[in-house]
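Okay, structure first, notes after.
The values are calculated or read from the model by the stated rules, or taken from the named source; none is laboratory data. Fair warning: this is a prediction, and the values are worked out from it, not measured in the lab. We place every Cβ from the backbone using ideal geometry, glycine too, and count neighbours over all the protein chains shown. Just so you know, the surface numbers come from the protein's heavy atoms only, side chains and all, with ligands and any DNA or RNA stripped out. Shrake-Rupley method; radii C 1.70, N 1.55, O 1.52, S 1.80 Å.
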Amino acid sequence: CRTAFRRRSTNTKSVGPRAAVPRDASGARLSTGSPRKSAGPSACEESRRLEEIPGVGPIVATALIAEVGDWKAFASGRSLAAWIGLVPKQHSTGGKERLGGISKQGNRYLRWLLVAGAMAVIRYARRHGTKRLWLTRMMERRPIKVAAVALANKIARMAWAIIVRGERFREPRLLLAA
């Protein structure tokens, strides 16, 4: 595909020092179309559905689709988040749950992308507010980076549910306290 544009053939005229425009026998330009339109990040229906989640853009969506592969191999969204490395270490004994920091095992790249997307959502929420009451409470009682990891964990779980169930993202309704 791309090598055809790099080679100079008899039916192309040089436009600049780098660009070669494909032309037909009469010299008219051939329509090549944009490669991004046909095979861009949003070409896949699954990645389009993932992009509806706040904090997930085209890069995160395509990375999730490419890295995860078989979504049904994970029994739940939590197991996907654990595979990525977004769940806390557990030091539990005798029914007493002790949770530590994230394990940092798993897919570093996906973890980094999801936490970066979560930080963008948190920055927006600090300036403009949010409908997610749990996020507001989490930001009040925990450091911002801890809240970002918790939100990244939730985004991974939502992504699993959206892909496995074939649903679309639904914005949460604002629940008023009584």
Highest-first arrangement of 123-135, 44-56, where packing means the average Cβ count within 10 Å: 44-56, 123-135
In the full protein assembly as shown, how much of ILE102 is accessible to a 1.4 Å probe, in Å² to the nearest 10? 50 Å²
Given the pairs LYS72/LYS104; LYS72/LYS96; LYS72/LYS145; LYS104/LYS154, which span a C-alpha to C-alpha distance of over 27 angstrom in this model? LYS72/LYS96; LYS72/LYS145
Quick check: convex hull over the Cα atoms of segment 94-153, volume per residue in Å³, rounded to an integer? 98 Å³
Karplus (6.51, -1.76, 1.60) ³J(HN,Hα), θ = phi - 60°, over segment 44-53, in Hz, Gly and Pro reported as x: 8, 4, 5, 5, 5, 5, 5, 5, 6, 6
Area of VAL164 that stays accessible when all protein chains are in place (1.4 Å probe, Å², to 10): 40 Å²
Roughly how many nanometres apart are two label points built 7 Å out from the Cα toward the Cβ at ARG123 and LYS72? 3.9 nm
Enumerate the calculated ³J(HN,Hα) couplings along segment 62-69 in order (Karplus 6.51 cos²θ - 1.76 cosθ + 1.60, θ = phi - 60°), each rounded to whole Hz, writing x wherever the residue is Gly or Pro. 5, 5, 4, 4, 6, 6, 6, x
